[in-house]
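Asker: Would you mind keeping the following structure in view while I ask a few things?
The values are calculated or read from the model by the stated rules, or taken from the named source; none is laboratory data. Worth saying up front: this structure is predicted, and the values here are computed from it rather than measured. FYI the Cβ positions are ideal-geometry reconstructions off the backbone, even for glycines, and counts take in every protein chain you see.
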């Protein structure tokens, strides 16, 4: 399952989605909104994505995980869009594998690759202003909104 979602993410739901009898290790990673960045107090984050392209990239990452780690049994990668408050999960990744080492390595690869390649932008909302932080430091194009199909 590789999706961009608006609803809250659940570690339990992700773990359940990757649980299969032949897996001896399950890794779940949640990326959550923290309360500060570079010494500035964060109030919330707003995420936007080009949903069709982002979901295609998430699927590519999942397929790469299966190729690189033959013991992997299930992969789930979910990323939230919209406004998220401090403590809320923005990304959830679950990997089950025959053995724990593959589950850990595959999960690490998945989150690192999501951060590097998936067209998702975030706007950090601080007490004293805001800043866009996007794919590899890029901001979304001027006038772009999450509903665009560009």
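Asker: Run residue 90 past the list (1) outside any loop (DSSP other than H, G, I, E, B); (2) without any contact (Cβ under 8 Å) to a residue 60 or more places away in the chain and report the number of the one that doesn't hold.
Answerer: Of everything listed in (1) outside any loop (DSSP other than H, G, I, E, B); (2) without any contact (Cβ under 8 Å) to a residue 60 or more places away in the chain, residue 90 misses just condition (2).
Asker: Continuing with the same structure: Please find, within the range 33-53, the residue that is modelled with the highest pLDDT out of those that are in a loop (DSSP other than H, G, I, E, B) and crowded, with 16+ Cβ neighbours inside 10 Å.
Answerer: 33
Asker: If you go through the range 10-32 one residue at a time, how many are surrounded by fewer than 20 Cβ atoms within 10 Å (Cβ to Cβ), assigned to a loop (DSSP other than H, G, I, E, B) and touching a strand residue (DSSP E or B) at 6+ places or on another chain (Cβ under 8 Å)?
Answerer: Residues of the range 10-32 surrounded by fewer than 20 Cβ atoms within 10 Å (Cβ to Cβ): 10-13, 15-17, 19-22, 24-25, 29-32.
If we keep only those that are assigned to a loop (DSSP other than H, G, I, E, B) as well, we get 10, 19-22, 24.
Filter again for touching a strand residue (DSSP E or B) at 6+ places or on another chain (Cβ under 8 Å), leaving 10, 19-20, 22, 24.
Residues in the range 10-32 being surrounded by fewer than 20 Cβ atoms within 10 Å (Cβ to Cβ), assigned to a loop (DSSP other than H, G, I, E, B) and touching a strand residue (DSSP E or B) at 6+ places or on another chain (Cβ under 8 Å): 5 in total.
Asker: Answer yes or no as to whether residue 144 is modelled with pLDDT under 95 and not in a loop (DSSP other than H, G, I, E, B).
Answerer: In short, no.
Asker: Collect the residues in the range 93-121 that are surrounded by fewer than 20 Cβ atoms within 10 Å (Cβ to Cβ), touching a residue at least 24 places away in the same chain (Cβ under 8 Å) and farther than 22 Å from residue 12 by Cα, keeping them in residue-number order.
Answerer: Hits for the range 93-121 are 113, 117, 119.
Asker: Quickly run through the range 54-81 and pick out the residues that are surrounded by fewer than 16 Cβ atoms within 10 Å (Cβ to Cβ) and not in a loop (DSSP other than H, G, I, E, B).
Answerer: Across the range 54-81, the qualifying residues are 56, 59, 60, 63, 64, 66, 67, 68.
Asker: Determine whether residue 90 is modelled with pLDDT of 95 or more, in contact with a helix residue (DSSP H, G or I) (Cβ under 6 Å, 6 or more places away or on another chain) and surrounded by 17 or more Cβ atoms within 10 Å (Cβ to Cβ).
Answerer: Here the answer is no, as residue 90 does not meet what is asked.
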